[in-house]
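Reviewing the structure listed below.
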Amino acid sequence: MATKLMRLLITLLLLGAALWIGKTVWDRYMESPWTRDGRVKADVINVGADVAGTVIEVRVRDNQLVQKGAPLFVVDQARYVAALAQADALLATQKTEQGRRGKEAGRRADLDASVLSTESRESAEFAVSTAASQYRGALAARDLARLNLERTTVRAPATGYVTNLNVHAGDFAAIGAAKLAVIDSASFYVMAYFEETKLPLLRAGDPVELRMMSGDTLMRGHIESVAHGITDRDAGTGRELLADVNPTFNWVRLAQRVPVRISIDAVPPGQPLVAGTTCTVVVTARATQPAPVAAARS
């Protein structure tokens, strides 16, 4: 009898332990602030030429790390060199004209009123003012021609990695047409998509742990901000500009996922960061009292 009672007691203890472990795991999965849906992101700068022309030289390779200000490619400079020379010649002409008009006005000002009329003096002064304006216009044209010549060498806008290199010597570079992209190496961050049920557990500044899918290296960061809106895919605008609401409703409601921006505090040596890769995000500490989403500020 005692043996049966002992077996029953052990069975009940094992069942109770299993239920407790199951509830603990379930609560951790449902209520703890963590998600596997994290994506590494970075600022991607599209780079194009500020002046039009034929590309004569490409000075970088795809996926190369470049420093801010480093030359990426060069546009044919011949016409811009000629334009600068023309602007310099026009500037010299206007400078000479300004000097001639000034001397002429000075001579007329020294003449007696009986010899030269007031109208002639005023005309000379107006000519001086016009020559000065033309000189300033020629000076601005010269500066613009010099700037265009400098812009024939397209430089990196930030320190980062060249990607999607789509320019070759002989290509025509149109103004503003993107030829390559530079991923800013100092702008990497993580966008974690948390279920809406976990938003009350998140506060700006909470520390987080990041584990990349490509390895087991641990990175640390903190919550920077929480998004304040996502698209409602079940509602749109009809032809009469009225709300077009989906008439169907699923009995099983899935929690929406809200983007949460994570700032990376430090990257371990040897850990590559690639925009678009995935990671697991775990909030390791949070405030004692849950705060509303509105507490997070961008």
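Using a simple spin-label model with pseudo-atoms 7 Å out from Cα toward Cβ, W251 and M191 lie 3.6 nm apart.
Dividing the Cα radius of gyration of the stretch 152-263 by 2.2 N^0.38 Å, with N the residue count, gives 1.63.
Backbone geometry of the stretch 226-231 corresponds, through the Karplus equation with coefficients 6.51, -1.76 and 1.60 at θ = phi - 60°, to 3J(HN,Hα) couplings of 10, 5, 10, x, 9, 6 Hz, x marking Gly and Pro. Proximity of backbone amide H atoms, modeled 1.01 Å from N, is registered between E224 and G205, R261, I262, S263 at under 5 Å, excluding neighbours fewer than 5 places apart on the same chain.
Taking 0.36 nm per residue of sequence separation and removing the Cα-Cα distance, the R59/R79 pair yields an extension gain of 5.1 nm.
Computed from the coordinates by the stated procedures, all read-outs in this text should not be read as laboratory data. Model, not experiment: these values are computed from the prediction. Positions of Cβ are generated from backbone atoms using ideal geometry, with glycine treated the same way; all protein chains shown enter the neighbour counts.
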